[in-house]
1. Given the structure, is B:A138 part of a loop (DSSP other than H, G, I, E, B) and either away from chain A (no Cβ under 14 Å) or small (G, A, S) (or both)?
2. Here are some conditions: (1) facing chain A (nearest Cβ under 9 Å); (2) among the hydrophobic types (A, V, I, L, M, F, W, C); (3) part of a loop (DSSP other than H, G, I, E, B); (4) within 18 Å of the chain's Cα centre (by Cα). B:L96 meets all but one. Which one does it not meet?
3. Residues of the range B:272-298 being closer than 20 Å to B:A312 by Cβ and open to solvent by 70 Å² or more (accessible area, probe 1.4 Å), which ones?
4. Assess whether B:A95 counts as being of a type outside the set (S, T, N, Q) and modelled with pLDDT under 95.
5. Does A:W158 satisfy the criteria of being at pLDDT below 95, in a helix (DSSP H, G or I) and open to solvent by less than 30 Å² (accessible area, probe 1.4 Å)?
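The values are calculated or read from the model by the stated rules, or taken from the named source; none is laboratory data. Values in this document were obtained by computation on a predicted structure and should not be read as measured data. For neighbour counting, all protein chains shown are included, and Cβ atoms are generated from backbone atoms with ideal geometry for every residue, glycine included. Heavy atoms of the whole protein, side chains included, go into the accessibility calculation; ligands, DNA and RNA do not. Shrake-Rupley method; radii C 1.70, N 1.55, O 1.52, S 1.80 Å.
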Amino acid sequence: MFVLSTAGERRLQRLLYAAGFCGALFFLLAPVIFMLLTALSQRPDFLGNNYVMTTRHFREILTTPSLHFVRYCINSLAISIASAGITTIIASGGAYVATRFPFKGRTAVLLMILSLSMFPQICIAGYLYRIIAAAGMVNTWLGLILPYIAWIMPLTFWILISYFSQIPQELDRAAFIDGCSPLRTLVTIVFPLAAPGLFSTLLLAFIFTFNEFMFALILTNDHAARTVPVGIALFQGLHGELPWGVIMAASVITTLPVILMALLFQRHIMQGLTRGAIKG
Amino acid sequence: MKRLTVTDISKSYRLTDRTVAALAGVSLTVEPEEFFILLGPSGCGKSTLLNSIAGLELPDSGEIRLDSKVLFSAAERRVLSPRERNIAMVFQSYALYPHMTVAQNIAFPLKIRRIDKVEIRRRVEAGATMLQIGNVLAAKPAELSGGQRQRVAIARALVREPELFLLDEPLSNLDAQLRSVTRNHLKVLQNRLGITTVYVTHDQVEAMTLGDRIAVMRNGKIEQIGTPDELCQQPVNAFVASFIGTPPMNLLPVTAEIDDRSARLHVADRVVTCSSGNVRPLGTQGSRRGYLGIRPEHLHLCTADYPDSLAATVTGYERIGRETIVFATWEGNVITLIADATTHPSVGEKIYISFSAESLFCFIDDAISPE
């Protein structure tokens with residue numbers, strides 16, 4: 001049996017919804033607001049009644065050479081773009097084979113790759129450093145790009161598998177009949193059809209590597225290869241104090257592109273994540 | 001035009017717990033310009049055979065030739081990839097490339113073969129005209145109706161002037177009316193182009209109307225190859241007899257006493273006699289168990305005093321316009337017969353059925369359970 005709610009009850013319902021929504025929104029946005037306020041404050045250590053706004057910290061971080069912030073940004077972009085790009089290319093080849101050519105132990109291989117993505121990063125941190133050090137790649141771009149490729153490969157691979165398995169295999173067969181080799185089929189038929197999937201995979205891989213902290217912390221020493229997250233964490237003032245204004249300004253500058261990208265392509269990203277989650 | 005020769009092709013799939021034979025020693029020859037049908041229930045191996053001819057699947061043993069060109073030979077350890085075979089194929093789902101326009105779809109196999117642009121355009125236009133899709137060349141497949149997609153798929157297959165034309169249940173996604181129109185169109189087209197054609201279907205009406213010859217398949221084997229008339233009038237066993245013809249042939253369990261000239265069939269309390277030429281397998285002798293087969297169109301309604309008539313009880317009927325299909329039971333056996341449209345039976349009514357001995361078949365096969 002249903003009891004129809006009265007107009008008054010319905011108004012109360014809507015009010016409670018709105019209140020709950022605002023509460024959740026505040027909870028989520030408070031740190032961002034705090035970050036913005038601190039970055040724009042004349043006296044970032046004493047956020048209080050006499051708030052004075054300034055863009056000083058932003059100017060400082062972009063123009064002071066000793067902070068190396070611009071260099072960090074360049075490192076981050078280059079490393080993330082390279083890692084995401086290379087990973088997506090390799091993973092798409094693997095996903096094509098995994099979805100198209102049945103081989104013995106296919107499921108075992110797929111599950112092993114999945115289990116790799118469950119590995120806590122910290123477990124391999126120490127040994128990873130020794131390997132990269134032995135290869136002489138500590139504090140270089142390549143020294144971060146290679147671990148990043150390995151690190152995000154399982155995720156991109158699984159997302160692409162779910163995209164590729166949705167492309168009907170009869171299209172591949174038609175392409176073979178029409179005279180294509182497997183590679184040509186991949187490039188002329190599968191890639192164009194999986195373009196949205198490839199794009200969202202690329203995007204996710206970029207965001208993951210752009211935000212990565214631990215490997216970057218261990219494998220870099222200075223601005224030659226240090227990425228933005230590590231750079232920000234290690235900012236120090238002249239006398240060892242924490243320059244909150246500068247830190248927050250840097251955070252704002254690096255968060256904005258990611259937020260914008262997420263908003264702009266949110267549908268692709270959501271699809272990519274949920275597909276990876278559910279499997280194909 | 002080319003002759004297709006398939007010799008002793010076998011293919012089995014390994015599942016986790018057992019091995020399934022999809023094809024068990026299939027041999028057939030498709031004559032040049034022939035419209036050849038592979039007919040059978042789903043899972044009989046007909047699509048596996050078609051894919052083996054196309055090069056999409058690798059048989060375990062046997063040989064496939066197109067004239068003297070060896071497409072596959074297990075003995076010589078030779079196999080040509082699909083693109084080395086110059087065989088065109090139309091898929092059940094049409095398999096049009098969704099990101100290309102109709103014109104690009106049709107041009108695709110030509111482009112892959114690096115044919116000159118002017119020539120490509122000429123052939124695409126000719127193909128589009130032939131299949132009446134000239135007005136949708138700029139559209140994407142998603143914008144087309146089912147029938148149009150079907151014709152684009154056929155155009156794509158035909159523009160490259162293939163040596164062999166394969167179709168895998170191409171009409172099964174169309175509605176009934178369009179199916180019959182397209183069927184006609186396909187027959188005319190094949191006739192005009194004269195391309196040797198192999199067509200897979202589970203629909204015996206399609207097979208009978210399209211095929212020059214039909215191979216009826218079951219469980220990876222060919223049961224019978226023949227013209228539509230041969231299959232209809234001289235089925236080799238109860239399976240072929242019941243698979244060809246709508247409604248299917250009536251099969252009644254009998255014990256038979258067979259000698260050189262005739263077979264005496266004991267069914268319920270009756271004995272009917274048919275010529276030993278209608279016993280399958282031919283040459284069977286002695287006292288055997290089997291089935292009496294008679295087609296619904298060879299049973300007739302008659303009056304009670306008609307000699308040797310069967311008194312049956314109506315259990316249902318279907319009126320399909322020019323005729324009425326009557327379902328009845330006689331001595332525990334279900335009997336189907338075709339009566340003319342003026343017949344208005346009522347359920348439970350007693351009817352009398354007559355038949356002539358010439359139209360009787362006797363199938364000796366303990367293993368067969370008619371469906």
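1. Against the criterion (part of a loop (DSSP other than H, G, I, E, B) and either away from chain A (no Cβ under 14 Å) or small (G, A, S) (or both)), B:A138 qualifies.
2. (4)
3. Within the range B:272-298, B:E297, B:H298 qualify.
4. yes
5. Yes, satisfied.
Residues are listed down the side, and each one gets a yes or a no for (1) under 15 Å from B:C362 (Cα atoms); (2) more than 28 Å from the chain's Cα centre (by Cα); (3) among the β-branched types (V, I, T):
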| site | (1), (2), (3) |
| --- | --- |
| B:V271 | yes, yes, yes |
| B:C274 | yes, yes, no |
| B:R289 | yes, yes, no |
| B:I294 | yes, no, yes |
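Each row is one residue, and each column tells you yes or no for (1) out of contact with any strand residue (DSSP E or B) (no Cβ under 8 Å at 6 or more places or on another chain); (2) part of a strand (DSSP E or B); (3) within 14 Å of another protein chain (Cβ to nearest Cβ); (4) farther than 29 Å from B:K69 by Cβ.
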residue: B:E161; (1), (2), (3), (4): yes, no, yes, no
residue: B:L167; (1), (2), (3), (4): no, yes, yes, no
residue: B:S172; (1), (2), (3), (4): no, no, yes, yes
residue: B:I195; (1), (2), (3), (4): no, no, no, no
residue: B:Y199; (1), (2), (3), (4): no, yes, no, no
residue: B:M217; (1), (2), (3), (4): no, yes, no, no
residue: B:C232; (1), (2), (3), (4): yes, no, no, yes
residue: B:S242; (1), (2), (3), (4): no, no, no, yes
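Residue-wise test of (1) more than 20 Å from the chain's Cα centre (by Cα); (2) more than 22 Å from B:R218 (Cβ to Cβ); (3) assigned to a loop (DSSP other than H, G, I, E, B).
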residue: B:Y13; (1), (2), (3): yes, no, no
residue: B:D17; (1), (2), (3): yes, yes, yes
residue: B:V26; (1), (2), (3): no, no, no
residue: B:F36; (1), (2), (3): no, no, no
residue: B:L49; (1), (2), (3): no, no, no
residue: B:L71; (1), (2), (3): yes, yes, no
